[in-house]
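Below is one structure; the comments refer to it alone.
The values are calculated or read from the model by the stated rules, or taken from the named source; none is laboratory data. All values derive from a computational prediction rather than experimental measurement. Cβ placement follows ideal geometry from the backbone for every residue including glycine, while neighbour counts extend to all protein chains displayed. Just so you know, the surface numbers come from the protein's heavy atoms only, side chains and all, with ligands and any DNA or RNA stripped out. Shrake-Rupley method; radii C 1.70, N 1.55, O 1.52, S 1.80 Å.
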Amino acid sequence: MANDIEALRGFADALARSPVVATNAAAKALNAGAEEAERLGRDSILSEFNLERAYVERNLFVKDEAKRTDLLSRIRANNRSVLAPRFGAEVATEPATSARNRLRGDPSRNIPLGRKAAGSKPWSMKRDGRAVPWRNAFFLRLRTSGAWAMAVRQGSGENWGRNGDLRVISGISVGQAWRANRDDIAPQALKVANRVFAQELERNL
């Protein structure tokens, strides 16, 4: 009888603790699921696109962690389009023979002495894509961010080459890549969250 009473008391204590235990377990489970989704999202983007891991990590991360009073984990993904140099676009060069000032090269754009810019080297946004050169492209530093960009001139006739006719080449954003893979990632993230939730309840009830 004494053992039965102790068991009942233990059960009663567990029931009294269960709302707090359950919400704490839910918070930990949601955070674990978000971390798994973040990891899988980064790996998926890196396997598909020619981006550096450090760049993807800066632009895809868990912004808010769930807590007992706010059971919501948020993943932040940057929606800004990625400039071509981030995908591996680099300036191509060729011997400079026409103008004397071009013989000096341009160290800021990695153009050595005696050579001039000649579009871009072959590059591709996707890892399995066909890398192609852009002969009509050139590289410039953006005034607002200071980042290097690849651009092409548009238009024709007397308007050709004016500032309004320049197009900066960019590709998919990290946010777009994340949303394209999010539904495929969700089941694995939920599986992790469910496992952590069950473990936390078993440990604390």
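For residue 197, what is the net charge nearby, where nearby means another residue's Cβ is under 12 Å from its Cβ and Lys, Arg count +1, Asp, Glu -1? All intermediate terms of the calculation are to be shown ahead of the outcome.
Numbers: positive: 28, 191, 195, 203; negative: 200, 202.
Result for the local shell: +2.
Dipole magnitude for the range 29-113: about 440 debye, using +1 per Lys or Arg Cβ and -1 per Asp or Glu Cβ, origin at the Cα centre. Can you tell me which lysines have their Cα less than 17 Å from the Cα of residue 63? Leave out same-chain residues fewer than eight positions away. Of all the lysines, those that pass the test against residue 63 - Cα under 17 Å, at least 8 places apart if same chain - are 28.
Would you mind putting 140-153, 72-85, 28-41, 52-65 in packing order, based on average other-beta-carbon counts within 10 Å, highest first? Each step should come with its number before you reach the end.
Details: 140-153: 13.0, 72-85: 16.8, 28-41: 20.4, 52-65: 14.6.
Averaged packing, sorted descending, gives the order 28-41, 72-85, 52-65, 140-153.
The residues of the range 37-102 expose, per residue, 58 Å² of accessible area to a 1.4 Å probe.
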